[in-house]
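Quick notes on the structure that follows.
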Amino acid sequence: MIWRSKTRPAELRARSVHSFDVFDTALLRRTAFPSDVFRLIGQRVANEIRSPAPREFVEDFLAARIGAEASSLAGREETTLDAIWAILRESLPNLPAACGPQYELDAEREVLAPNLAVAERIARARAAGTQIVFLSDTYLPAEFVRAELTRHGLAAAGDGLYVSSALGLTKRTGALYGAMLKSENIAARELLHYGDNPVSDVAVPRRLGIAATLLDEAHLNRWERAVVDCDTASKEAASRLAGTMRIFRLNASREFTPGVRDLVATFLGPALTVWAAWVLAAARRDGVRRLYFAARDGHLVWRAARVLAPRFGNIDCRYLKISRQAVLLPAVEEISLAGIPWLLRSWEVPQLDRLIRKLGLEWHEGERDFSALAKEEGSSKQLTGDDDWKAFWAVLQKPALNALLTRRIADRREAALAYFKAEGLADDLPIGLADMGWYLTVQTALQKLSGAPRPLRGYYLGLQPTRNSPSVAGPATALFYGDPPDRRAVMPSHEIFRRVTLLEHVLGLATHGTIREYRFAGGEAEPVSETVPQRHGEIVDEIARAVEAFCADCLQPKIFSDERSARSLLDALIGSWFAHPGTAGLQILDRVEISDDPNNIGADLMIRPYVLSDGLKALLPGRLRRGLNLPLPAAPWPEASLCVSKPWPRRLMRLGGRLGGALAALRRARS
């Protein structure tokens, strides 16, 4: 049976014909693999019969469906959906009476989407007067295939359609091509075929004298394969996420610049969708009615959550311009080590100017008082021992400086309280705070400052074991919990704890700079932030819009909210993307600066290419390098630095890494 809405005029027969494969070429599935559709059907049936063991039922259904197809193909070149389901019902006699081929057609219809790049190719060919034909090796009915091609704007009146289930002939044997050439009344040389299968869409037609072009962009890429390879995530969640990544990668190119599309398709889109879905589900479970997403780490996930919120009970998602620097000082009640425990973290440099700025002061305001401690080193003086720290705290107790700092704290507190009240933090309803996490310092300060009648509940991507306790911070839930030192010494850590600083600068992209403090302007308290270049703000806004588009394309985001699946998917995404970042996406991040300091002191580029001298130093044994005082550059993100380096430095750095690994293995073997 040849499906055509009208006969092609004789005068068009001399023109060339372009034929297109259907599935994974013209039409895409929102699942990683075609067989994942069978899981969707199995899950639907399991829900309808209220199976006591739904996971096992889905796996049994999948196996039975695959087996039924194999049995129906015995001795035949192709089968049909009706034939498959006739055997399937014999294998699973307890299926509901209504369960049949229509269930499979419904599932296919739900996940199908057009490949816009192929749609444009078809449109250009059609505009040039070229005849369009579709060929497909599929058990699905020709009527269904035609309807889906038409629904997604790919097929038009007059296009030919040749489906193996209707003709009993397939592309893989070449017979379907022969039938099409005969029906179209054209020679093989007049046909150009496009498809994704190297054998049935390229090798076979070329053997028949047909020109063929491979369109394999729909095949899963490195990052999509990493998602479906998650053993601990639900197979449906992994498949759905990988399928959404693929469709966004292929279809978003017309709406967003290549770098933004690459960055969102390979990492930011799926990562933020999973994170936002987990936060919304956890907050809904706890009865939270309003969620504040803390700047800047919360900017992109807030944009994602706003899109997903209607499918999670319409939780009110708001953006709170806040930072550690903006709330820690206003929450200070005593100028002492016990009252300001956050003044120095173990990873920070104890430099005078950094400490002074964290206290909301400028160096010139305390320069005279600190002169005896600073000596000739001035503001760059580093506190190196107990005596230095005793002297530092003694200086802060000097009456004039102490009074200045006390006034500064009071002013900051007044403005912060006014801002939080205006933002609704004091409203009498269950409120939550979403942030990237780590130590609960911001939540602790907010508990003191917000004036909320109920405890603030936090939702975090990750929390470290050295975080503040619930007695001071309030209740908090994390998707990832860091391991204590003894376990961390022998067990691999979650990927997020290996990439903390990088994640803060990639997931934490925002259209504004760090919030420094709050000030009154026209009687209202407003956040004061560092300025960012206009171009940076424009790029981040485009990224945020792309993230929103990614989220909107997720048909069932609730499937990502399961804690185990969310953790597994994010671990896989972070591990695969930071180890192998997309080069186009890195161009968007090439001017991002990175620093461990809250005031961004000592910031350096997050991605800096290696140069030839770095590669030559990498070839030297470590002991010799140290002896000659030739340290390797401390790249914040070595994998990205390799990606953006020129060929020779990149080759030498990789060779040096392999040599270093081999020497380390040799030393271990000898010991």
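The values are calculated or read from the model by the stated rules, or taken from the named source; none is laboratory data. Since this is a predicted model, take the numbers as computed values, not measurements. Ideal geometry is used to build each Cβ from the backbone, glycine not excepted, and the neighbour counts take in all protein chains shown. All accessible areas refer to the heavy atoms of the entire protein, side chains included, with ligands and DNA or RNA removed. Shrake-Rupley method; radii C 1.70, N 1.55, O 1.52, S 1.80 Å.
Only residues in the stretch 422-434 that are surrounded by 18 or more Cβ atoms within 10 Å (Cβ to Cβ) count as the first member; pair them with residues that are of a type in the set (Val, Ile, Thr) and not in a loop (DSSP other than H, G, I, E, B), Cβ under 6 angstrom, at least 6 apart or cross-chain, and list the lot.
What qualifies is ALA434/VAL279.
Cβ-Cβ below 7 Å, separation at least six or inter-chain, first residue in the stretch 132-151 and under 24 Å from ILE210 (Cα atoms), second open to solvent by 10 Å² or more (accessible area, probe 1.4 Å) and basic (Lys, Arg): which pairs?
What qualifies is ILE132/ARG126; ASP137/ARG172.
Restricting attention to the stretch 471-508, report how many residues are in contact with a strand residue (DSSP E or B) (Cβ under 8 Å, 6 or more places away or on another chain) and either surrounded by fewer than 20 Cβ atoms within 10 Å (Cβ to Cβ) or in contact (Cβ under 8 Å) with a residue 24 or more places away in the chain (or both).
The first filter runs over the stretch 471-508 and keeps only residues in contact with a strand residue (DSSP E or B) (Cβ under 8 Å, 6 or more places away or on another chain), leaving 473-482, 494, 496-497, 500-505, 507-508.
Next, from what is left, pick out any that are either surrounded by fewer than 20 Cβ atoms within 10 Å (Cβ to Cβ) or in contact (Cβ under 8 Å) with a residue 24 or more places away in the chain (or both): 473-481, 494, 496-497, 500-505, 507-508.
So the count comes out to 20.
Given the conditions (1) part of a helix (DSSP H, G or I); (2) under 39 Å from the mean Cα position of the chain (by Cα); (3) buried (at least 17 other Cβ atoms within 10 Å of the Cβ), which single one is not true for ILE132?
The one condition ILE132 does not meet is (1).
Considering the stretch 157-174 alone, what residues qualify as being of a type in the set (A, V, I, L, M, F, W, C) and part of a loop (DSSP other than H, G, I, E, B)? Give the derivation first.
Looking only at the stretch 157-174, we keep the residues that are of a type in the set (A, V, I, L, M, F, W, C), and these are 157, 161, 163, 166-167, 169.
Across the stretch 157-174, the qualifying residues are ALA157, LEU169.
Of the residues in the stretch 64-88, how many are in a loop (DSSP other than H, G, I, E, B), touching a residue at least 24 places away in the same chain (Cβ under 8 Å) and of a type outside the set (D, E, K, R)?
Count: 2.
Sort through ARG412, ARG454 and tell me the only one that's assigned to a helix (DSSP H, G or I) and open to solvent by 10 Å² or more (accessible area, probe 1.4 Å). Show your work before the answer.
On the way: ARG454 fails: assigned to a helix (DSSP H, G or I).
Exactly one of ARG412, ARG454 is assigned to a helix (DSSP H, G or I) and open to solvent by 10 Å² or more (accessible area, probe 1.4 Å), namely ARG412.
Looking at ALA304, ALA282, ALA276, which is the one that is over 19 Å from GLU423 (Cα atoms), of a type in the set (A, V, I, L, M) and more than 15 Å from the chain's Cα centre (by Cα)? Give the steps one after another, and end with the answer.
Working: ALA304 fails: more than 15 Å from the chain's Cα centre (by Cα); ALA276 fails: more than 15 Å from the chain's Cα centre (by Cα).
Result of the check over ALA304, ALA282, ALA276: ALA282.
I need a count of the residues in the stretch 29-58 that are assigned to a helix (DSSP H, G or I) and out of contact with any Ser or Thr (no Cβ under 9 Å at 6 or more places or on another chain). Lay out the reasoning, then the answer.
Within the stretch 29-58, the first condition is being assigned to a helix (DSSP H, G or I), and the residues that meet it are 36-49, 54-58.
Filter once more, so that each one left must be out of contact with any Ser or Thr (no Cβ under 9 Å at 6 or more places or on another chain): 38, 41-44, 46-49, 54, 56.
Going through the stretch 29-58 one residue at a time, the tally reaches 11.
Here are some conditions: (1) closer than 30 Å to LEU359 by Cα; (2) open to solvent by 70 Å² or more (accessible area, probe 1.4 Å); (3) within 22 Å of the chain's Cα centre (by Cα). PRO636 meets all but one. Which one does it not meet?
Only one criterion in (1) closer than 30 Å to LEU359 by Cα; (2) open to solvent by 70 Å² or more (accessible area, probe 1.4 Å); (3) within 22 Å of the chain's Cα centre (by Cα) is unmet by PRO636, namely (2).
How many of the residues in the stretch 464-522 are part of a helix (DSSP H, G or I) and either more than 22 Å from LEU449 (Cβ to Cβ) or touching a His at 6+ places or on another chain (Cβ under 7 Å) (or both)?
So the first thing to find is which residues in the stretch 464-522 are part of a helix (DSSP H, G or I), and the list is 470-473, 485-488, 495-498, 500-506.
Of the ones still in play, those that are also either more than 22 Å from LEU449 (Cβ to Cβ) or touching a His at 6+ places or on another chain (Cβ under 7 Å) (or both) are 485-488, 495-498, 500-506.
Residues flagged as part of a helix (DSSP H, G or I) and either more than 22 Å from LEU449 (Cβ to Cβ) or touching a His at 6+ places or on another chain (Cβ under 7 Å) (or both) within the stretch 464-522 amount to 15.
In this structure, is PHE61 in a helix (DSSP H, G or I) and surrounded by fewer than 21 Cβ atoms within 10 Å (Cβ to Cβ)? First the steps, then the outcome.
Details: in a helix (DSSP H, G or I): yes; surrounded by fewer than 21 Cβ atoms within 10 Å (Cβ to Cβ): no.
Here the answer is no, as PHE61 does not meet what is asked.
Pick out, from the stretch 564-671, the helices (runs of 4 or more DSSP H) lying fully within it that include 1 or more residues that are acidic (Asp, Glu). Step through it out loud before you land on a result.
Working: elements: 583-589, 612-618, 622-627, 638-644, 647-670.
Hits in the stretch 564-671: 612-618, 638-644.
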